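*Asks:* Below: one structure in structure tokens.
The values are calculated or read from the model by the stated rules, or taken from the named source; none is laboratory data. Quantities reported herein were computed from a predicted structural model and do not represent experimental measurements. All Cβ positions, glycine included, derive from the backbone under ideal geometry; neighbour counts span all protein chains shown.
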Amino acid sequence: MLHLSRLSLEALADPRGYDCACGRHHVCAMAYLRVGRGAIRETPQMVAALGARHPYVVCDANTYAAAGEQVCRLLTEAGIAHACHILPGAHVAPDERAVGSALMHVQPGCDMVLGVGSGVINDVCKVIAHALGVPGAIVGTAPSMDGYASSSSSMEVDRVKVSLYNRCPAGVLLDTDILAQAPMPMLWAGLGDMVAKYIALCEWRIAHIVTGEFYCEEVAALMRAAMAKVVGAADGIPARDPDAMAAIAEGLIIAGVGMAYAGSSRPASGLEHYFSHMWEMMALDRGKPYALHGIQVGVGTVLCMKLYRRIRQVRPDRARAQAWMQAFRREDWEAQVRRIYGKAAGTIIRLEDACRKNDPDKHAARLDRLIAHWDEILRVIDEELPDYDALCGLMAKTGMPMRPSDLGLSIEDTVDAFLGARDVRDKYLSCSVLWDLGLTDEFAAYLREVAEE
Ligand SMILES: [Zn+2]
Ligand SMILES: [Zn+2]
């Protein structure tokens, strides 16, 4: 065994990577990685280590005040010529406007993009570094999500959420003194994005059993270790304890490494993330604001824990599943997609035309495997999921939102998110299991009952 989960952060970022028993070579090359108190002071060293002489600093008004101003001062003091752009607006979205604004202010000779911020800035900077063909680096301002080290960006393109795969930032600096000053919802969001991994790992293993999708136990173990760091530090969140901030920052970085190792977000995201994706798409379609990614994901995790409570009691019934498939009408499905997805419906329908997950033969093959392996699936659920009360107690103690209504979401939007989640991507989730077993309607009714409990 490789035991990736026992390696240090620096070893995990080794550019040589690791040959794994799963048959893949896992690599997340980060040339410069520092987490700790005062780490921001190493900004000039990071820039030099990455071979850059003209970094382009990108931030927003909040992150400029939190750390961007200091980053620019440190660069000036070190004699490093740089340009700085503050993305306009009170609320910067990871969309064409932000990418366009950042690109429009690039100076000739820029040889590195240095983001100062958290989720949105990091995602935007990954996209522009990739477009410019220069290294990217980030000085983090909040422990709010697991994307610091990941190789993908969660973007809004034509008002649809998409994942763009580019490259891990070459440098990551997380100064725990700065992270500790982040707004409390951003600290809650980091915890939310990590408790999600209970569901994500459970669903990754189920998908491996049912569809034969790639799975790597080494990467899963690494994610469990990352999660343990964050969950273990949750009690320190309300007081902004520096040791807790360091543990959370490390856990979030390791989770990003795990995604880069797997080459997808699979180890980090399951149905709980799809609740968030759906709520965001609904908000985008309506031109409404939405809560932080990790906060929505935390609420999604609680909903998933409720669903799994009942999934544990399911006994697959072949006749019921077959009757469900026989009653399936493409027109009805399309009408539901149009109702739930609004303007994004066309994209979703084209995706189904390409992956054909609603095809009766494919359903029959998945159903055979679900029935043959149901005991194994129940075992996976028992192994991966924590005790419901223990997890909710831990989350609630931090004061974070726990229910859809805490985010201003209606029960209809929550049930629709559950109904539509299976169609966002070609990804096998617990809601896909329920669809295959003919239990979608029953579970939608159950969710309606318990979502606000
Ligand atoms: Zn592997
Ligand atoms: Zn996430």
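*Asks:* Out of all the residues in the stretch 359-418, which are within 23 Å of MET227 (Cβ to Cβ) and exposed (fewer than 14 other Cβ atoms within 10 Å of the Cβ)? Give the derivation first.
*Replies:* Here is the first cut: in the stretch 359-418, the residues within 23 Å of MET227 (Cβ to Cβ) are 376-403, 406-407.
Within the stretch 359-418, GLU376, ARG379, ASP382, GLU383, ASP387, TYR388, ASP389, ALA390, GLY393, ALA396, LYS397, GLY399 meet the criteria.
*Asks:* So which helices (runs of 4 or more DSSP H) stay within the stretch 336-453 end to end and still have 2 or more residues that are closer than 23 Å to GLY212 by Cα and not hydrophobic (A, V, I, L, M, F, W, C)? Write out each step before concluding.
*Replies:* Values: elements: 345-355, 360-372, 374-384, 388-397, 411-421, 430-436, 440-450.
In the stretch 336-453, 345-355, 360-372, 374-384, 430-436 are the helices (runs of 4 or more DSSP H) which contain 2 or more residues that are closer than 23 Å to GLY212 by Cα and not hydrophobic (A, V, I, L, M, F, W, C).
*Asks:* Right, something else. Condition first: closer than 14 Å to ILE199 by Cα and β-branched (Val, Ile, Thr). Now tell me which residues in the stretch 367-395 satisfy that.
*Replies:* ILE377, VAL380, ILE381
*Asks:* Could you check VAL116 against (1) touching a Cys at 6+ places or on another chain (Cβ under 7 Å); (2) farther than 22 Å from TYR165 by Cα; (3) not in a helix (DSSP H, G or I) and say which number it fails?
*Replies:* Going through (1) touching a Cys at 6+ places or on another chain (Cβ under 7 Å); (2) farther than 22 Å from TYR165 by Cα; (3) not in a helix (DSSP H, G or I) one by one, VAL116 breaks only (2).
*Asks:* Here's something else I'd like to know. Based on this model, can you work out whether ALA170 counts as within 16 Å of ligand 2 (Cβ to nearest atom) and either under 14 Å from the mean Cα position of the chain (by Cα) or crowded, with 24+ Cβ neighbours inside 10 Å (or both)? It would help to see each step written out before you state the result.
*Replies:* Values: within 16 Å of ligand 2 (Cβ to nearest atom): no; either under 14 Å from the mean Cα position of the chain (by Cα) or crowded, with 24+ Cβ neighbours inside 10 Å (or both): yes.
No, not satisfied.
*Asks:* Let me ask something else. Within the stretch 66-91, can you find the residues that are under 21 Å from VAL162 (Cβ atoms) and either polar (S, T, N, Q) or modelled with pLDDT of 95 or more (or both)?
*Replies:* LEU87
*Asks:* Are any of the residues in the stretch 227-250 under 16 Å from the mean Cα position of the chain (by Cα), crowded, with 23+ Cβ neighbours inside 10 Å, more than 16 Å from ligand 1 (Cβ to nearest atom) and small (Gly, Ala, Ser)?
*Replies:* Scanning the stretch 227-250 turns up at least one residue that is under 16 Å from the mean Cα position of the chain (by Cα), crowded, with 23+ Cβ neighbours inside 10 Å, more than 16 Å from ligand 1 (Cβ to nearest atom) and small (Gly, Ala, Ser).
*Asks:* Restricting to the stretch 53-72, give me the number of residues that are surrounded by 18 or more Cβ atoms within 10 Å (Cβ to Cβ), among the aliphatic types (A, V, I, L, M) and over 22 Å from PRO108 (Cβ atoms). Even if it seems obvious, please write down each step before you answer.
*Replies:* Residues of the stretch 53-72 that are surrounded by 18 or more Cβ atoms within 10 Å (Cβ to Cβ), as a first pass: 55-60, 62-64, 66-68, 70-72.
Filter once more, keeping what is among the aliphatic types (A, V, I, L, M): 57-58, 66-67, 71.
If we keep only those that are over 22 Å from PRO108 (Cβ atoms) too, we end up with 66-67.
The number of residues fulfilling the criteria is 2.
*Asks:* Could you tell me whether the stretch 260-269 includes any residue that is out of contact with any Gly (no Cβ under 9 Å at 6 or more places or on another chain), among the aliphatic types (A, V, I, L, M) and closer than 25 Å to VAL219 by Cα? So that I can check it myself, show each step before the final result.
*Replies:* Residues of the stretch 260-269 that are out of contact with any Gly (no Cβ under 9 Å at 6 or more places or on another chain), as a first pass: 260, 262-266, 269.
Subsequent filtering for residues that are among the aliphatic types (A, V, I, L, M) retains 260, 262.
The next check asks that each one be closer than 25 Å to VAL219 by Cα; those that pass are 260, 262.
Yes, the stretch 260-269 contains a residue that is out of contact with any Gly (no Cβ under 9 Å at 6 or more places or on another chain), among the aliphatic types (A, V, I, L, M) and closer than 25 Å to VAL219 by Cα.
*Asks:* Consider only pairs whose beta carbons are under 6 Å apart and that are at least six residues apart or on different chains; among these, list those whose first residue lies in the stretch 267-279 and is assigned by TED's automatic domain parsing to the domain that holds GLY300 and touching a residue at least 40 places away in the same chain (Cβ under 8 Å) and whose second residue is more than 9 Å from ligand 2 (Cβ to nearest atom) and among the acidic types (Asp, Glu).
*Replies:* If the second residue must be more than 9 Å from ligand 2 (Cβ to nearest atom) and among the acidic types (Asp, Glu), the pairs left are GLY270/GLU203.
*Asks:* Sort out which residues of the stretch 200-215 are within 15 Å of ligand 1 (Cβ to nearest atom) and either surrounded by fewer than 24 Cβ atoms within 10 Å (Cβ to Cβ) or not assigned by TED's automatic domain parsing to the domain that holds SER276 (or both), and write them in order of number. Steps first, please.
*Replies:* So in the stretch 200-215, the residues within 15 Å of ligand 1 (Cβ to nearest atom) come out as 201, 204-205, 208, 213-215.
Of everything in the stretch 200-215, those that are within 15 Å of ligand 1 (Cβ to nearest atom) and either surrounded by fewer than 24 Cβ atoms within 10 Å (Cβ to Cβ) or not assigned by TED's automatic domain parsing to the domain that holds SER276 (or both) turn out to be ARG205, HIS208, GLU213, PHE214, TYR215.
*Asks:* From the list ALA182, ALA137, ALA131, which residue is more than 30 Å from ILE340 (Cα to Cα) and in a loop (DSSP other than H, G, I, E, B)?
*Replies:* Details: ALA137 fails: in a loop (DSSP other than H, G, I, E, B); ALA131 fails: in a loop (DSSP other than H, G, I, E, B).
Unique residue meeting the criteria: ALA182.
*Asks:* Consider only pairs whose beta carbons are under 9 Å apart and that are at least six residues apart or on different chains; among these, list those whose first residue lies in the stretch 207-236 and is on the phi > 0 side of the Ramachandran plot and whose second residue is among the basic types (Lys, Arg).
*Replies:* Pairs found: GLY212/ARG369.
*Asks:* Right, here's the next one. So for the stretch 149-156 (the condition being assigned to a strand (DSSP E or B) and modelled with pLDDT of 95 or more), does at least one residue qualify? Steps first, please.
*Replies:* Step one: of the stretch 149-156, the residues assigned to a strand (DSSP E or B) are 152-156.
Keeping just the survivors that are modelled with pLDDT of 95 or more gives none.
No, the stretch 149-156 contains no residue that is assigned to a strand (DSSP E or B) and modelled with pLDDT of 95 or more.
*Asks:* Does at least one position in the stretch 327-341 carry a residue that is of a type in the set (S, T, N, Q), out of contact with any Gly (no Cβ under 9 Å at 6 or more places or on another chain) and either away from ligand 1 (no atom under 16 Å from the Cβ) or not assigned by TED's automatic domain parsing to the domain that holds ILE411 (or both)? Explain how you work it out, then say what you get.
*Replies:* Within the stretch 327-341, the first condition is being of a type in the set (S, T, N, Q), and the residues that meet it are 336.
With the extra rule that they be out of contact with any Gly (no Cβ under 9 Å at 6 or more places or on another chain), the set shrinks to none.
No.
*Asks:* Next question, about the same structure. If LEU164 passes every condition in (1) buried (at least 19 other Cβ atoms within 10 Å of the Cβ); (2) under 17 Å from MET281 (Cβ atoms) but one, which one does it miss?
*Replies:* (1)
*Asks:* Select from the stretch 7-52 the residues that are away from ligand 1 (no atom under 13 Å from the Cβ), loosely packed, with under 12 Cβ neighbours inside 10 Å and without any contact (Cβ under 8 Å) to a residue 24 or more places away in the chain and list them in ascending order.
*Replies:* SER8, GLU10, ALA11, PRO15, ARG16
*Asks:* Among the numbered criteria (1) within 30 Å of LEU394 (Cα to Cα); (2) more than 15 Å from ligand 2 (Cβ to nearest atom), which one does ASP146 miss?
*Replies:* In the conditions (1) within 30 Å of LEU394 (Cα to Cα); (2) more than 15 Å from ligand 2 (Cβ to nearest atom), ASP146 misses (2) alone.
*Asks:* Related question: If I filter the stretch 141-160 down to residues being under 16 Å from GLU96 (Cβ atoms) and crowded, with 18+ Cβ neighbours inside 10 Å, which single residue comes out as farthest from the chain's Cα centre (by Cα)? Spell out the reasoning first.
*Replies:* Filtering the stretch 141-160 for residues under 16 Å from GLU96 (Cβ atoms) gives 153-160.
This time we only want the ones that are crowded, with 18+ Cβ neighbours inside 10 Å, so: 153-156, 160.
Numbers: SER153: 10, SER154: 8, MET155: 12, GLU156: 14, VAL160: 16 Å.
Ranking the candidates gives VAL160 first.
*Asks:* Output the residues belonging to the stretch 167-199 that are among the aliphatic types (A, V, I, L, M) and either in contact with a strand residue (DSSP E or B) (Cβ under 7 Å, 6 or more places away or on another chain) or within 16 Å of ligand 1 (Cβ to nearest atom) (or both).
*Replies:* Quick first cut of the stretch 167-199, residues among the aliphatic types (A, V, I, L, M) only: 170, 172-174, 178-180, 182, 184, 186-187, 189, 191, 194-196, 199.
Selection gives ALA170, VAL172, LEU173, LEU174, LEU179.
*Asks:* Could you list all residues from the stretch 301-319 that are part of a loop (DSSP other than H, G, I, E, B) and within 16 Å of ligand 2 (Cβ to nearest atom)? Working first, answer last.
*Replies:* The first filter runs over the stretch 301-319 and keeps only residues part of a loop (DSSP other than H, G, I, E, B), leaving 312-317.
Matches in the stretch 301-319: none.
*Asks:* Further, regarding this structure: Please state which one of CYS59, CYS28 is more than 16 Å from ligand 2 (Cβ to nearest atom), under 29 Å from ALA246 (Cα atoms), touching a Cys at 6+ places or on another chain (Cβ under 6 Å) and of a type outside the set (Gly, Ala, Ser). Give the steps one after another, and end with the answer.
*Replies:* Working: CYS59 fails: touching a Cys at 6+ places or on another chain (Cβ under 6 Å).
Step by step, each of CYS59, CYS28 is checked, and only CYS28 is more than 16 Å from ligand 2 (Cβ to nearest atom), under 29 Å from ALA246 (Cα atoms), touching a Cys at 6+ places or on another chain (Cβ under 6 Å) and of a type outside the set (Gly, Ala, Ser).
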